[in-house]
Structures are given as structure tokens and as C-alpha cells.
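Engineer: Take this structure first; my questions come after.
Just so it is clear, none of the values below were taken in a lab; they were calculated from the coordinates. Predicted, not measured: the structure shown is a model, and the values here were computed from it. Every residue, glycine as well, gets a Cβ built from its backbone with ideal geometry; the counts of neighbours run over all protein chains shown.
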Amino acid sequence: MTSRLTPSTILLLVLPPLLWASNAVVGRMVQGMVPPVMMNFIRWIVAFVVLLPLAGWVLKPDSGMWRAWRRYSWLGLFGIGLYNALQYLALKTSTPINVTLVGASMPVWMLLIGWLYFKVQVKPRQMLGAVLSIAGVLVVLSRGEWRQLLGLRLVAGDLLMMLATIAWSLYSWLLTLPGDAQKLRHDWSAFLMAQVVFGLAWSGLFAGGEWMLTDARIHWSWPLAAALLYVGIGPAVIALRCWGTGVQRVGPNTAAFFNNLTPLFAALLSSAFLGELPHLYHAAAFLLVVGGIVLSSRR
């Protein structure tokens, strides 16, 4: 693992936030058509089907996945079973601006978890980079008017998003640990497939609980089918493939700052869907986030 950012690594870490931003837009579009936890379960079923021709051999007893079941069970829990399910749930009781604001704390959680559990020293420039990156997100959330932030109030959904952010931070750090089966580690589709196998078990368990404890129902339609297909391929398979490779190259602390591009991309996509042009504060926020990335990743 190296801390140097190359053009290919930057591309790997920029594409996931763009796809995750589109995931948020699509998620809002289908709200009310499918329960949030069930939506997470279905999207990973789609991902499993997509990965099956590429890495179906992982299911064999001698693939190495079953020997390392504890590792992939944890990865499946934090990255697949919990993160998106908690995010979708958070949007039921919280506003998008609050959820995005809470999610912007990820660099801080990434640094804290790395220091507490993985004994990684936090450098002053990384803390300063975190401050710059979060400041960029706040510029977007406040639309350049800081007084709007004073009206924010935390609700249950904000707590759920905080838990989601912690889960994703743990997932990203677990990606950097050496695996028990090197054959899986060197094949991105196999490595992701192993996570999806156990992640499906977790997300299926959570979706079953939602189905039994609530009046959740799915209202099938072609737009919903197209939306589930998209979030199962783009924000799931492609985004996690790029994120996993990028994290293994530069480490979770540096990668975390790229995650804060998500609300910026979400603002641009929302502007595109609403027919509004980007504002000056979008450019200012982009410079702050990029400044945080550059500062935190310098040798």
C-alpha cells in the first residue's frame, strides 16, 4: 500500500462518489415503491447475478473463501449489509441535507478508527485536510449561506447515518488487512463476490426482519426494475470494485476524503435534473474538498 496518488488511482476514487451520488438520486425517485432495507437486499441480488459468470468459482469448497469466512463475514456486514440499508432508513426520518452533513464526518471517523484499532498515526496535515474537506461539504449544504446551518436539528435518521458512516469506515479499514486467500485478493471480481455472498446473508436477514415487523410491500413497475438494475450494477459492483482497489493503493485515510465528493456530485446531478446551473459556491466547495485531498495525501 502506498500513499502516492496517481492519475489511475484518482480515477478509481472519484468514480465511486459519482456513482453513489446517482444512487441517492435514484433512491429518492423510487421512495415509496420499495422498502429501504429490501431495496438494499435486492440491489445485492442483482450484483450477485452480475458477478456469477466472473467469479462463480468462489462458491466452490476449495476456493479459499470458506476458510476466511470470518473476514468476509465482517466485510459483508459493514459494507453490504449495513451501510446502504442504514442510509436508506435514515432518509425516512431525516432530510437529505442532514444525512449528507452527517456523512461528511467520514474522514474524521476514518482517522479515528485507524488510530484506535489499527495503530495508524494521524498526521497534522491529515487533520487539516479533514477540516478543509468538511468545510467544502458545508459550503454546499449551506448553499454558501452559513446561517442555514444554524437551523439544522438532529433526528433519529441522523443517528442512523452516523452508524452507517462508522460501518463504512470499518469496512474500508478491513479492506487493507491481508487476506487468508491470496487468490481471492488478486482477482477483484472474486474478492467482491466473497463479500457479496456473506453480505447477502446479512442483508437478507435484515430485510426479512423489516418484512415481518412492518407493513413493507413492493410496488413493482418497469421504472422500479430499471432503478434496481442500475443501483445493483453501477453504485454496487462498479463502485465497490473501484473503491476497494483505490483503498488498497492509498489507504483508508486518504480515500476517505474522496468520499466527500459525493454531496458535490449530488448537488450537480440535482441541478441537472432540476434544470438549474451550478453556482459559484459549488466551485468553492470543490476547491476546498480537492485541497483537503491533496494536503492529506502529500508525502
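Engineer: Work out how much length Leu11 to Trp222 would gain on full extension: take 0.36 nm times their residue separation and subtract the Cα-Cα distance, in nm to one decimal.
Structural biologist: That pair, Leu11 and Trp222, stretches by 72.7 nm at full extension.
Engineer: Once you place label points 7 Å from the Cα toward the Cβ at Leu213 and Arg70, how far apart are they in nm?
Structural biologist: Rounded to a tenth, the inter-label distance reads 2.8 nm.
Engineer: Could I ask something else about it? Based solely on its DSSP helices, what 222 nm [θ] is calculated for the chain when runs of n ≥ 4 H residues each add -39,500 (n - 2.57) and the sum is averaged over all residues, nearest 500 deg cm²/dmol?
Structural biologist: Estimated from H runs of four or more residues: -23000 deg cm²/dmol.
Engineer: Also, I was wondering about something else. In whole Å and largest first, what semi-axes does the C-alpha gyration tensor of the stretch 1-72 yield when each eigenvalue is scaled by 5 and square-rooted? Display every interim value, and only then the final one.
Structural biologist: Details: eigenvalues 145, 118, 25 Å².
The three semi-axes for the stretch 1-72 are 27, 24, 11 Å.
Engineer: What is the gain in length, in nm to one decimal, between Leu280 and Val294 on full extension, counting 0.36 nm per residue of separation less the C-alpha to C-alpha distance? Before the final figure, lay out each step's value.
Structural biologist: Values: separation 14, 0.36 × 14 = 5.04 nm, distance 2.14 nm.
Extra length from Leu280 to Val294 when fully extended: 2.9 nm.
Engineer: Another question, then. Which value, in debye to the nearest 20, describes the size of the charge dipole of the chain about its Cα centre when Lys and Arg Cβ atoms bear +1, Asp and Glu Cβ atoms bear -1, and nothing else is charged?
Structural biologist: Numbers: 21 positive and 8 negative charges, 155 e Å.
Charge dipole of the chain: 740 debye, to the nearest 20.
Engineer: Right, something else. What ratio of Cα Rg to 2.2 N^0.38 Å holds for the chain?
Structural biologist: That works out to 0.97 for the chain.
Engineer: Where in the chain are the DSSP H helices whose C-alpha atoms run 24 Å or more along the long axis and whose mean Kyte hydropathy is at least 1.0?
Structural biologist: Within the chain the helices that satisfy the rule are 7-29, 36-55, 124-141, 156-175, 188-213, 280-297.
Engineer: Is the stretch 1-137 best put as rounded, prolate or oblate by its Cα gyration tensor, with a ≥ b ≥ c the root eigenvalues, rounded for a/c under 1.5, and otherwise prolate when a/b is larger than b/c, oblate when not? Present the calculation step by step, with values, prior to reporting the outcome.
Structural biologist: On the way: a/c = 1.79, a/b = 1.13, b/c = 1.58.
Here the stretch 1-137 falls in the oblate category.
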